[in-house]
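Everything below concerns the one structure shown next.
The values are calculated or read from the model by the stated rules, or taken from the named source; none is laboratory data. This structure is a prediction, so every number in the text was calculated from the model and none was measured. Quick reminder, even Gly has a Cβ in these numbers, built from the backbone with ideal geometry, and neighbours come from all protein chains shown. Quick note on the areas: whole protein, heavy atoms, side chains included, nothing else; ligands and nucleic acids left out. Shrake-Rupley method; radii C 1.70, N 1.55, O 1.52, S 1.80 Å.
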Amino acid sequence: MQAQVRIAEGTGSVQSQGQFRSHAGPQPHPKFYGDNTFQIALNKRADAYFARTGLRRRDCAGMYAKTALLLAATVAAYVALVFFTTSWWVGVPLAVVLGLCMAGIGMNVQHDGSHQAYSSWGWVNKLMSLTLELIGGSSYIWHYQHGVLHHTWVNVAGHDSDIDVGIFGRLSPHQRRRSFHRFQHLYMWPLYGLMAVRWHLFADFYDVIVGKVGGHPIPRPRGWDLVVFVLGKVYFFAVAFVVPMMFHPWWVVLAFYGIVTVVVGVVLSVVFQLAHAVDSAEFVVADEETNRIENAWAIHQAESTVDFARQSKMAAFLLGGLNYQVEHHLFPRICHVHFPALSKEVEATCKEFGVRYNDHGSFWQGVASHYRWLREMGRPEVVPRGVPAAG
Ligand SMILES: [Zn+2]
């Protein structure tokens, strides 16, 4: 039976997807068609896990404790750096620690909050999603870019904004190749360091002004959303530049802003890229005539996503479940602290249904896979998967 699959487990994308579609631009978003019994079986297994353990899907004590720890560490590193540091050899390690803490907030706190996976109370999720404003981003833009475009159409070129990194990077076989992409496996790593700077100083403002994310129209923020956007940016510019410049020369402030944001950019970019832009993930395009993707949504999510370092307790704690992206994409509204246990259920269900379960054993295997993928996508002879070679 062919059935259009809806978004899993009441993801934050469900409502907004409809809202978003009504604003869709010239390239309509494709729809997934396929048998949804895999998704039904997954949901049953997850239900059974929570019934068996008696654990809550959201509002987990460990998450609140981790949030307090990360926020306290971020404030401590900032205060020490701005108000008490007078030498570069103390300042540089502190700036790296501050960057790591900020990336930790992004991966652990705002990500779950923005997916409504943090709490069953909407206001708690909203509050946690606003921690993105604390590290210089915009929770409003993130919702469309990540929660809607990326999570619904993962690895579908032209629709997943995460694989659209501008002209310098070709992450999908269905994107145009340019001659300089042959070197992208070398130059993309340092460019990842500019991702956070781009958010802070350009991309969020540009997206709001043009009313588009990744070329797709979005509703411009209005009312409280606009107030939060503006106040968030004013707050971040104050703590990143104005306050530090009261105590240090401007060029010192800019240099340390550079260190902190490069750390944030590299950590966030690499961790997110290892989940999809790797040689074991699937990249698909919609049928040109029907604009359909002939696969069930949940199967597409599993096959276009890759886990890494599942055995590492430290990775599970520090990365906010982003090394369990298969589970996150299938259960976006479940708090990430459950992913290590749920991954066994997901792997077993994949096996049962003959769905590929992608897993890189370690972080470095994931890094190597991303390197190989960048190199492959930069080569001129690459023929898109599923597209017959010309001639
Ligand atoms: Zn996500």
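List of remarks:
- For the stretch 283-293, the count of residues that are assigned to a helix (DSSP H, G or I) and either within 16 Å of the ligand (Cβ to nearest atom) or not charged (D, E, K, R) (or both) is zero.
- The stretch 37-64, residues that are open to solvent by 60 Å² or more (accessible area, probe 1.4 Å), closer than 17 Å to Val124 by Cβ and either part of a helix (DSSP H, G or I) or touching a Lys or Arg at 6+ places or on another chain (Cβ under 9 Å) (or both): Ala61, Tyr64
- Considering residues of the stretch 85-117 that are touching a residue at least 40 places away in the same chain (Cβ under 8 Å) and of a type in the set (Val, Ile, Thr) only, the residue farthest from the ligand (Cβ to nearest atom): Val92
- Residues that are buried (at least 18 other Cβ atoms within 10 Å of the Cβ) and more than 18 Å from Leu134 (Cα to Cα) within the stretch 199-213 comprise Asp207, Val208, Val213, listed in sequence order.
- Any hit, the stretch 195-205, residues being touching a residue at least 60 places away in the same chain (Cβ under 8 Å) and closer than 21 Å to His370 by Cα: yes
- Given (1) over 17 Å from Tyr33 (Cα atoms); (2) within 16 Å of the ligand (Cβ to nearest atom), number of the condition Ser304 does not satisfy: (1)
Residues checked against (1) at negative phi; (2) open to solvent by 10 Å² or more (accessible area, probe 1.4 Å):
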site	(1), (2)
Val109	yes, no
Tyr118	yes, no
Leu134	yes, yes
Gly137	yes, no
Asn155	no, no
Gly166	no, yes
Pro173	yes, no
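- Flag for Thr305 being open to solvent by 40 Å² or more (accessible area, probe 1.4 Å) and either of a type in the set (Ser, Thr, Tyr) or part of a helix (DSSP H, G or I) (or both): no
- Checklist (1) open to solvent by 30 Å² or more (accessible area, probe 1.4 Å); (2) assigned to a helix (DSSP H, G or I); (3) of a type outside the set (Ser, Thr, Tyr) applied to Leu274, failing item: (1)
- Among the residues of the stretch 118-155, those identified as touching a His at 6+ places or on another chain (Cβ under 7 Å) and either within 12 Å of the ligand (Cβ to nearest atom) or farther than 26 Å from Gly215 by Cα (or both) are Gly147, Leu149, His151, Val154.
- For beta carbons closer than 6 Å, sequence separation of 6+ or different chains, a first residue in the stretch 333-350 that is without any contact (Cβ under 8 Å) to a residue 24 or more places away in the chain and a second that is surrounded by fewer than 20 Cβ atoms within 10 Å (Cβ to Cβ), the qualifying pairs are Glu347/Tyr357.
- Selected residue (only one of His146, His115, His174, His111 is farther than 26 Å from Val227 by Cα and either in contact with a helix residue (DSSP H, G or I) (Cβ under 8 Å, 6 or more places away or on another chain) or not aromatic (Phe, Trp, Tyr) (or both)): His174
- Enumeration of residues in the stretch 188-198 that are open to solvent by less than 70 Å² (accessible area, probe 1.4 Å) and closer than 13 Å to Gly166 by Cβ: Met188, Leu191, Tyr192, Met195
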